[in-house]
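Peer 1: The following block contains the structure, expressed as structure tokens.
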Amino acid sequence: MRAVTAIRLVAMREVRQRVRSRFFLIVVGITALAVAAAVIVLPKLLDRTDEPPIYKIGLVGESTSALEQALTAAAKASAASVDLQRITNVEAAETGILRGDLDAALVDGEELVIGPDTRRALQVLVSVAVQQVRFLDKLDAAGLSQAQTSALLAPSEKLQVRELGDKSGGLSQADELFTIGGVVVMLMAIILYGAAVLTGVVVEKSSRVVEVLLATLRPWHLLAGKLIGIGLLGLGQVLLLVVVGVVAALATDAIDLSATTLAAAGSALLWFVLGYSLYSVFFATVGALITRQEDAEGAALPVVLVANASLMFSMFATLADPEGIVLRVGSQIPLVAPFAMPVRAGLGVVEVWEIVLAVILMLGTIYGAVMFAGRLYAGSILSIGARVKLTDAWKSSDL
Amino acid sequence: MGLELRNATKHYGDLRALDDVSFTVEAGRILGFLGPNGAGKTTAMRAVFGLVRLDRGEVAWNGVRLKPDQLLRFGYMPETRGLYRKMTVRDQLVYLAQLHGLSSREAAEATDRWLEELGVLDRGDHKVETLSHGNQQKVQLAAALVHDPEVLVLDEPFSGLDPIGVETMEDIIRSRAAEGATVLFSSHQLDLVEGLVDDVVVISKGRVVLEGAIDEVRERTTFRRLDVEVESSNGSWSPNVDGVEVTARQNGLVRLQVGPDVDLEAVLKSANDAGRVTRFSYQPPSLSEIFVKAVQG
């Protein structure tokens, strides 16, 4: 039988058996819903910096329409708006602030009461307005006519603003959230499907069906078929999550369907395939080294830890400096790349040559891992003791 | 011609599992591969499928070194039974048949045919783990047979079977051989295989100690069995003749092992002197006697 036929049969069995499992379908459904919910709900929980804030200010005691006008004008000038509310006494205003119903309260036009979370911008805004009213009062007291006052206050030419630095690809909180969320999903997918490979290997070994299979299949047919079959399912699920995420984001206007978004989605799929390929080979090998299912968790731990550490590194390096040398170098390390590269692509801070280099390094490492781990797999898959020693597996590679 | 092991040698550390083992299963014949536990039977059978890499020697099929593709026409029942427990019986057999090169349609047809033959057609859509032990054994056998192999290698096929299961297994082995299949099976239940095998190979501590057609092996043995019952002696009678050895006494029966040219007249006379002789039976040794003699040297 040709190797391709054998591998295809093994892969098909993996896909068919899992797709038929109700548990698998439920997990896929729940994760898709979770991603959609996260995309729709999370941005609403975030303080969206690009939306004009509305400050709720309580006015206690004496207050003039001039002050109210000044507050409104000052807010408008700083691209915000105010919601002015009459409050009967200071106690009520304080309660309102502490409960979060009010952002601040102005007492008799003299005293500004603020809460622990009140923004500095609001303090500035109110003091500007109050200063302006007091200034007008002084002008009035100095005996200037209405016309003179108006002339003094007529808007002069608007201040010219010049911004330094290139803000293209600038990171909104939403962008960061989507990127980090995406990479966490990536880690989960790699571990979930890697663990499925491990379990599959242990099931075949512990049930001894592997001896029946290897009477016709070569070990690498069985290994390759299993990795490809489970990998295709994983890719299908990641694709589904990406589509659900992008559609939900577009539907709620959380993101624009920009080139960066598409590149990030494509990058997520590419790095899932590469990351899964590398990690699942290790999962398969540790699976072959043990015999009993209850040992699976312990055996998987080193691989899971490496994956988690790689993710942590990617996240902290990104938070520290998304364009820094640490992340740029780290994202070339094959075990880290599946987590770091999608972050950089999601933030639009990666260059094409870096992607190409990382992919080449990754493919080389996968090849080496398949050769190395494949031999350990073949050397240990038929042994039945408690746990196979690495050196024994390497030496006794009978197949 | 047929399936050959040639000078098969395999060490596990200091343990010599196979020591220059050579024998041939002639095409279309049934060979019983016998030996005590740990003699190397399983290692030899695994070597046929390349599951054990021999230190030296090779496996040949019809005179030439066995190629991996030819294994597709082989059926194997390993000593440690193994199936996917969560897979249905039918899916499992179809999958295994396809791995042996059958198309999906051929595989489905063969699966149903074998399930019917083994009387488990109604279990086709059940998961293996829900089946009784006996039915799981049948599915395991079906897994070895589903692609109608030319060569059947069965490691301890009778272990764990009830008498009806044993009979079914014997019938299938016979009918496969009658249709031209070559059968190699191992066993340590010698009374079961006695009436089934054409040829035997006895292996002990990794070495072949006896081989040949079963009738020939019996003929070649240098001893015979003589059962004698003497009334009123309570089985305490002993013959006083050279070359005669008592091997067992049970319920008044005295079992003797005698050389081929023993003076039977003298033995009978000795028995007659002790009392009335109610049984005097001279016959070739049983397979297990031959086995014990061969293994113990």
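Peer 1: Given the options A:Leu9, A:Thr95, B:Leu264, identify the residue whose Cα lies farthest towards the positive end of the charge dipole of the protein assembly as shown (+1 on Cβ of Lys, Arg; -1 on Cβ of Asp, Glu).
Peer 2: B:Leu264
Peer 1: Taking each residue in A:203-213, count the Cβ atoms of any other chain within 10 Å of its Cβ, then average. What number comes out? Each step should come with its number before you reach the end.
Peer 2: Values: counts 3, 2, 1, 2, 9, 6, 13, 3, 11, 15, 5.
Shielding by partners across A:203-213 averages 6.
Peer 1: Would you pull out the residues with amide H under 5 Å of A:Val82's amide H, same chain only if 5 or more places away, H placed 1.01 Å from N?
Peer 2: Amide H neighbours of A:Val82: A:Tyr55.
Peer 1: Ranked from highest to lowest mean number of other Cβ atoms within 10 Å per residue, what is the order of the peptides A:97-103, A:341-347, A:306-312?
Peer 2: Details: A:97-103: 16.0, A:341-347: 26.3, A:306-312: 17.7.
Answer by packing, highest mean first, reads A:341-347, A:306-312, A:97-103.
Peer 1: Then there's this: Using a ≥ b ≥ c from the Cα gyration tensor of region A:254-340 (square roots of the eigenvalues), is it rounded, prolate or oblate, where a/c under 1.5 gives rounded and otherwise the larger of a/b and b/c decides, a/b for prolate?
Peer 2: Numbers: a/c = 2.79, a/b = 1.89, b/c = 1.48.
It comes out prolate by the Cα gyration axes.
Peer 1: Counting alpha carbon pairs within less than 8 Å and at least 6 residues apart, what relative contact order, in whole percent, applies to chain A?
Peer 2: Values: 466 pairs, mean separation 74.6, N = 399.
Across chain A, relative contact order equals 19 percent.
Peer 1: Let me ask another. Tell me the relative contact order for chain B as a rounded percent, counting alpha carbon contacts under 8 Å between residues six or more apart.
Peer 2: Values: 559 pairs, mean separation 61.1, N = 297.
In percent, rounded to a whole number, it is 21.
Peer 1: Tell me, what is a quarter of the convex hull surface for the C-alpha atoms of chain A, in nm² with one decimal? Let's see the in-between values first.
Peer 2: On the way: hull surface 108.8 nm².
Projected over every direction and averaged, the Cα hull of chain A covers 27.2 nm².
Peer 1: What list of whole percents do you get for P(r) of region B:15-134, with Cα-Cα distances grouped in 10 Å bins up to the one holding the largest distance?
Peer 2: Going out from 0 Å in 10 Å bins, region B:15-134 shows 11, 34, 31, 22, 3 percent.
Peer 1: Follow-up. Can you give the % of DSSP beta bridges in region B:112-219 that are antiparallel, to the nearest 5? Write down the numbers at each step before the final one.
Peer 2: Values: 6 of 10 bridges.
Taking every DSSP beta bridge within region B:112-219, about 60 percent pair in antiparallel fashion.
Peer 1: If you don't mind, another one. Just counting partner chain Cβ atoms within 10 Å, what average do the residues of peptide B:64-71 show around their Cβ? Please report the intermediate quantities before stating the final value.
Peer 2: Values: counts 0, 0, 0, 0, 4, 3, 0, 4.
Other-chain Cβ atoms within 10 Å of each residue's Cβ, averaged: 1.
Peer 1: Then there's this: Plugging the Kirkwood radius over Cα pairs into Stokes-Einstein for region A:181-288, at a temperature of 10 °C and a viscosity of 1.306 mPa s, what D comes out in µm²/s? If you can, show how the numbers build up before the last one.
Peer 2: Details: Rh = 15.2 Å.
D = 105 µm²/s.
Peer 1: Mind jotting down the distance between the C-alpha centroids of region A:47-103 and region A:262-312, whole Å?
Peer 2: Here the two parts' Cα centres lie 53 Å apart.
Peer 1: If amide hydrogens are placed 1.01 Å from N in the peptide plane, which non-local residues have theirs closer than 5 Å to the one on B:Val52?
Peer 2: Amide H to amide H, under 5 Å and 5 or more residues apart or across chains, B:Val52 pairs with B:Ala47.
Peer 1: Please tell me which of these pairs span more than 32 angstrom C-alpha to C-alpha: B:Lys205/B:Lys269; A:Lys205/B:Lys41; B:Lys41/B:Lys67? Kindly include the intermediate steps, with their values, before the conclusion.
Peer 2: Details: B:Lys205/B:Lys269 43 Å; A:Lys205/B:Lys41 21 Å; B:Lys41/B:Lys67 22 Å.
Table pairs above 32 Å Cα-Cα are B:Lys205/B:Lys269.
Peer 1: Once you've got the Cα coordinates, tell me which of A:Lys76/A:Lys138; A:Lys226/B:Lys10; A:Lys226/B:Lys127 are over 26 Å apart. Write out the running numbers ahead of the final one.
Peer 2: Working: A:Lys76/A:Lys138 24 Å; A:Lys226/B:Lys10 31 Å; A:Lys226/B:Lys127 21 Å.
Over 26 Å apart, Cα to Cα: A:Lys226/B:Lys10.
Peer 1: What value in Å³ per residue do you get for the convex hull of the alpha-carbon atoms in chain B? Display every interim value, and only then the final one.
Peer 2: Values: hull volume 46.0 nm³, N = 297.
Convex hull of Cα atoms, per residue: 155 Å³.
Peer 1: With N set to the number of residues, divide the alpha-carbon radius of gyration of the protein assembly as shown by 2.2 N^0.38 Å and report two decimals.
Peer 2: Details: Rg = 41.9 Å, N = 696, 2.2 N^0.38 = 26.5 Å.
Dividing the Cα radius of gyration by 2.2 N^0.38 Å gives 1.58.
Peer 1: OK, next. Have a look at B:Gly57, B:Gly75, B:Gly252 and tell me which one the Gaussian network model of chain B (Cα, springs below 10 Å) gives the largest fluctuation.
Peer 2: B:Gly252
Peer 1: Tell me what the protein assembly as shown gives for mean residue ellipticity at 222 nm when only DSSP H runs of n ≥ 4 count, each as -39,500 (n - 2.57), the sum divided by the residue total, rounded to 500 deg cm²/dmol. Don't jump to the answer; show the numbers that get you there.
Peer 2: Values: 24 runs with 368 residues, N = 696.
That calculation yields -17500 deg cm²/dmol at 222 nm.
Peer 1: Another question about this same structure. Quick check on chain B: of the DSSP beta bridges with both residues there, what percent are antiparallel, nearest 5%?
Peer 2: Working: 39 of 56 bridges.
Close to 70 percent.
Peer 1: Still on this model: Once phi is turned into θ = phi - 60°, what whole-Hz ³J(HN,Hα) does the Karplus curve with 6.51, -1.76 and 1.60 give for every residue of region A:238-251, x standing for Gly and Pro?
Peer 2: So the J values, rounded to whole Hz, are 4, 4, 4, 5, 5, 4, 4, x, 5, 4, 5, 5, 5, 4.
Peer 1: Once you have the alpha carbon radius of gyration of region B:82-160, what is it after dividing by 2.2 N^0.38 Å, with N set to its residue count? Write out the running numbers ahead of the final one.
Peer 2: On the way: Rg = 11.6 Å, N = 79, 2.2 N^0.38 = 11.6 Å.
Region B:82-160 yields a ratio of 1.00.
Peer 1: Semi-axes of the equivalent ellipsoid for region A:1-86, please: Cα gyration tensor eigenvalues, times 5, square-rooted, ordered largest first, whole Å. Numbers along the way, then the final one.
Peer 2: Working: eigenvalues 827, 42, 5 Å².
Largest first, region A:1-86 gives 64, 15, 5 Å.
Peer 1: Then there's this: Taking the Cα centre of the protein assembly as shown as origin, work out the dipole magnitude from +1 charges on Lys and Arg Cβ and -1 charges on Asp and Glu Cβ, in debye rounded to 20.
Peer 2: Working: 65 positive and 80 negative charges, 200 e Å.
Computed charge dipole of the protein assembly as shown: roughly 960 debye.
Peer 1: Related question: Tell me whether region B:163-279 comes out rounded, prolate or oblate; compute the Cα gyration tensor, take square roots of the eigenvalues as a ≥ b ≥ c, and use a/c under 1.5 as the rounded threshold. Can you show the working numbers first?
Peer 2: On the way: a/c = 3.01, a/b = 2.08, b/c = 1.44.
Cα axes put region B:163-279 in the prolate bin.
Peer 1: Karplus couplings for region A:7-21 from phi (6.51 cos²θ - 1.76 cosθ + 1.60, θ = phi - 60°), rounded to Hz, Gly and Pro as x?
Peer 2: Coupling constants for region A:7-21: 5, 4, 4, 5, 5, 4, 5, 4, 5, 4, 5, 7, 5, 6, 7 Hz.
Peer 1: Any idea which of B:Ala107, A:Phe313, A:His221 is furthest toward the positive side of the dipole for the protein assembly as shown, if Lys and Arg beta-carbons carry +1 and Asp and Glu beta-carbons -1?
Peer 2: So the residue furthest toward the plus end is A:His221.
Peer 1: Using only alpha carbon pairs under 8 Å that are at least six residues apart, calculate the relative contact order of region B:210-288 and give it in whole percent.
Peer 2: On the way: 134 pairs, mean separation 33.0, N = 79.
Relative contact order comes out at 42 percent.
Peer 1: Here is a follow-up. To test your reading of the geometry: what angle, between 0 and 90 degrees and rounded to tens, separates the Cα axis of helix A:259-289 from the longest principal axis of chain A?
Peer 2: Taking Cα atoms only, the helix is inclined about 40 degrees.
Peer 1: Hey, another quick one. How much of the DSSP bridge set in region B:1-160 is antiparallel, in percent, rounded to the nearest 5?
Peer 2: Among the beta bridges of region B:1-160, antiparallel pairing accounts for roughly 80 percent.
Peer 1: For an R0 of 56 angstrom, estimate the FRET efficiency from the Cβ-Cβ distance between B:Arg65 and A:Asp321 and round to the nearest 0.05.
Peer 2: Details: r = 63 Å, r/R0 = 1.12.
Efficiency at R0 = 56 Å is approximately 0.35.
Peer 1: For a quick protection proxy, order the peptides B:195-204, A:114-123 by their average other-Cβ count within 10 Å, most packed first. List each step's numbers first, then the result.
Peer 2: Values: B:195-204: 21.3, A:114-123: 13.2.
Final packing ranking: B:195-204, A:114-123.
Peer 1: Let me ask something else about it. Mind checking B:78-84 for the average number of partner chain beta-carbons within 10 Å of each residue's beta-carbon? Let's see the in-between values first.
Peer 2: On the way: counts 7, 2, 5, 5, 10, 4, 8.
Across the residues of B:78-84, the mean count of other-chain Cβ atoms within 10 Å is 6.
Peer 1: Give me the Debye-computed log₁₀ of I(q)/I(0) at q = 0.15, 0.19, 0.20, 0.30 Å⁻¹ for region A:312-353, equal point scatterers on Cα only, no solvent, two decimals.
Peer 2: With no solvent term, the Cα-only Debye profile gives -0.26, -0.42, -0.47, -1.12.
Peer 1: Output ³J(HN,Hα) for region A:99-112: one whole-Hz value per residue in order, computed from phi by the Karplus curve 6.51 cos²θ - 1.76 cosθ + 1.60 with θ = phi - 60°, and x for Gly and Pro.
Peer 2: Once θ is set to phi - 60°, the couplings for region A:99-112 become 7, x, 6, 10, 8, 6, 9, 10, 9, 6, x, 10, 10, 9 Hz.
Peer 1: Given H placed 1.01 Å from N in the peptide plane, which residues other than close sequence neighbours of B:Leu256 have an amide H under 5 Å from its amide H?
Peer 2: B:Leu226, B:Asp227, B:Val228, B:Thr247
Readers should treat all values here as calculations from the given coordinates under stated rules, not as data from a laboratory. The structure displayed is predicted, hence computed values, not measured ones. FYI the Cβ positions are ideal-geometry reconstructions off the backbone, even for glycines, and counts take in every protein chain you see.
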